[in-house]
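What follows is a set of notes on a single structure, which appears directly below.
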Amino acid sequence: MIPVNSPVITQDSKALVAKALEEGWISSAGPYIENFEKEFAGYLGVKHAISVNTGTAALHIALLAAGIGEGDEVIVPAFTMAASWMSIMYCGAIPVFVDVDPDIYTIDPRLIEAAITGKTRAIMPVHIYGHPADMDPILAIAKKHNLKVIEDAAEAHGATYKGRLTGTIGDVNAFSFYANKIITTGEGGMVTTDNDEMADLARRMKDLAHSKAKRFIHDDLGYNYRMTSMQAALGSGQLASISDFLATKTHMAKEYENGLTGIPGLSLPVTRDWATHVYWMYAILIDEQKFGIDKDQFRAKLLAKGVDTRDFFYAPSTQPALTGRGLGGGSFLVTERIAQDGCYLPSGLAITDDQIKVVCETIRGVCPKL
Ligand SMILES: Cc1ncc(COP(=O)(O)O)c(C=O)c1O
């Protein structure tokens, strides 16, 4: 079976994790956390990087640091992973969904202003599958309406928007280091910001909101979202290889493009000229009429031939966690269409050229119109 994801854990990473263990640094105390935060901030060129135990926690903490609370509304793309909207709901706030661009699947800036109400406090663009959202119009709208911008950069380490790295553009931003991400700590996340007050609040809220004046007196309702030193050691090792990992992803996308161009009804990823795409996942659409079978049949046939794929994220209207609370209503035509027609191909960092060739040949083999 060719899996959708298989990570690369470098020898350097393994050595660093072993070193942390040998030295007895296993909790969130000690130098490994500090080093990883410093290195990640240095890589991005931001003032603060605050480690947490998942990308979902990073989003929650970023929202809290931005001052999002009970009854606030936060604008989020209809096409995204559940952690984007669930983290908003953890704050007692309301996710307000906006449809996405039909080519790059990120929030469509032309639709944002219509979703703004007196309760809107923030916009959360998501750099989906590794392609940056169109940030300039989003920043302009945020400025005009005095809203915070929180980038969900969980899938986009190293991607750039007009030369700026994603996760450095919003007021406060979030990354994931889950096993399938561009760099991984197994589970893990990072909050990034240039804002000193937000960084301070993020650091306190991820660690039970201990009072500065007296530890174990708690100023607020905080959370234990701390990362361990073993994860941080793995993260430092992984970060040292990020340019190799990004080159692997670019190469993978080129190989897929070479192997898949010209198949009727198969849409390949689009990259805007203002973006660098990091191809966290190589995402495609199947047009049933032109390809000859629908996406579900396509995925089943590939699986039977040893190629695993994943569905796209599903529309808000199909999520009981939203609809059961009276949320996620409305129609999002682009999201609904791509959720129906989209899936992603094996895209892990360990994928080989031979495996990519097999995937492309298998796809050609199952296309009734070829
Ligand atoms: C867009 C997006 N946001 C947030 C997350 C949450 O990250 P984690 O799985 O580390 O909690 C993910 C994770 O896959 C994601 O894809």
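Taken as a whole, the stretch 271-280 holds no residue that is in a helix (DSSP H, G or I) and either touching a His at 6+ places or on another chain (Cβ under 8 Å) or of a type outside the set (A, V, I, L, M) (or both).
Does Leu59 satisfy the condition of being more than 14 Å from the chain's Cα centre (by Cα), open to solvent by less than 10 Å² (accessible area, probe 1.4 Å) and within 16 Å of the ligand (Cβ to nearest atom)? In short, no. Restricted to the stretch 345-370, and to residues there that are of a type in the set (Gly, Ala, Ser) and surrounded by 13 or more Cβ atoms within 10 Å (Cβ to Cβ), the residue that is farthest from the chain's Cα centre (by Cα) is Ala350. Being assigned to a loop (DSSP other than H, G, I, E, B) and at pLDDT 95 or above holds for only one residue in Arg299, Arg337, Arg364, Arg325, and it is Arg325.
Quick check: anything in the stretch 171-184 more than 15 Å from the ligand (Cβ to nearest atom) and more than 30 Å from Val4 (Cα to Cα)? So far as the stretch 171-184 goes, yes, one or more of its residues are more than 15 Å from the ligand (Cβ to nearest atom) and more than 30 Å from Val4 (Cα to Cα).
Restricting to the stretch 248-270, and then to whatever is open to solvent by 60 Å² or more (accessible area, probe 1.4 Å) and not basic (Lys, Arg), can you tell me which residue is nearest to the chain's Cα centre (by Cα)? So the residue we want is Thr250.
Identification of strands (runs of 3 or more DSSP E) wholly contained in the stretch 75-187 with 1 or more residues that are among the polar types (S, T, N, Q) yields 120-123, 172-176. Residue by residue through the stretch 216-247, note down the ones that are closer than 29 Å to Asp353 by Cβ and open to solvent by 40 Å² or more (accessible area, probe 1.4 Å). Ala240, Ser243, Asp244, Ala247, listed by residue number.
For the stretch 165-180, filtering for residues that are in contact with a Gly (Cβ under 9 Å, 6 or more places away or on another chain) and surrounded by fewer than 24 Cβ atoms within 10 Å (Cβ to Cβ) leaves 5.
Residues in the stretch 31-41 include none that are within 27 Å of the chain's Cα centre (by Cα) and in a loop (DSSP other than H, G, I, E, B). Scanning the stretch 191-233 for residues that are assigned to a helix (DSSP H, G or I) and within 29 Å of Ala20 (Cα to Cα) yields a count of 12. Inspect the stretch 296-306 for any residue being surrounded by 21 or more Cβ atoms within 10 Å (Cβ to Cβ) and either within 21 Å of the chain's Cα centre (by Cα) or acidic (Asp, Glu) (or both) and give the result as yes or no. No, every residue in the stretch 296-306 fails to be surrounded by 21 or more Cβ atoms within 10 Å (Cβ to Cβ) and either within 21 Å of the chain's Cα centre (by Cα) or acidic (Asp, Glu) (or both). Flag not set for Ile356, criterion: touching a helix residue (DSSP H, G or I) at 6+ places or on another chain (Cβ under 7 Å) and assigned to a loop (DSSP other than H, G, I, E, B). Of the residues making up the stretch 272-309, those that are in contact with a Phe, Trp or Tyr (Cβ under 6 Å, 6 or more places away or on another chain) and more than 22 Å from Phe245 (Cα to Cα) number 1. Going through Phe298, Phe312 one at a time, which residue ends up being out of contact with any Ser or Thr (no Cβ under 7 Å at 6 or more places or on another chain) and under 18 Å from Thr80 (Cβ atoms)? Result: Phe312 is the single residue among Phe298, Phe312 that is out of contact with any Ser or Thr (no Cβ under 7 Å at 6 or more places or on another chain) and under 18 Å from Thr80 (Cβ atoms). All but one of (1) surrounded by 24 or more Cβ atoms within 10 Å (Cβ to Cβ); (2) more than 16 Å from the ligand (Cβ to nearest atom); (3) over 16 Å from Ile33 (Cα atoms) hold for Ala153; state the number of the condition that does not hold. That leaves (2) as the condition not met. Here Gly24 does not fit the description of being away from the ligand (no atom under 16 Å from the Cβ), out of contact with any Asp or Glu (no Cβ under 6 Å at 6 or more places or on another chain), open to solvent by less than 40 Å² (accessible area, probe 1.4 Å) and in a loop (DSSP other than H, G, I, E, B). Of the residues making up the stretch 295-316, those that are of a type outside the set (Lys, Arg) and either out of contact with any strand residue (DSSP E or B) (no Cβ under 7 Å at 6 or more places or on another chain) or within 16 Å of the ligand (Cβ to nearest atom) (or both) are Asp296, Gln297, Ala300, Leu302, Leu303, Ala304, Asp311, Phe312, Phe313, Tyr314, Ala315, Pro316. The residues of the stretch 1-21 that are open to solvent by less than 40 Å² (accessible area, probe 1.4 Å), under 15 Å from Ala240 (Cβ atoms) and assigned to a loop (DSSP other than H, G, I, E, B) amount to a single one, Thr10.
Only one entry in Ala142, Ala114, Ala78 is buried (at least 18 other Cβ atoms within 10 Å of the Cβ), without any contact (Cβ under 8 Å) to a residue 24 or more places away in the chain, more than 18 Å from Gly55 (Cβ to Cβ) and not basic (Lys, Arg), namely Ala142.
The values are calculated or read from the model by the stated rules, or taken from the named source; none is laboratory data. Since this is a predicted model, take the numbers as computed values, not measurements. Heads up, the Cβs are rebuilt from the backbone with ideal geometry, glycines too, and the neighbour counts pull from every protein chain shown. Accessible surface areas use protein heavy atoms only, side chains included; no ligands, DNA or RNA. Shrake-Rupley method; radii C 1.70, N 1.55, O 1.52, S 1.80 Å.
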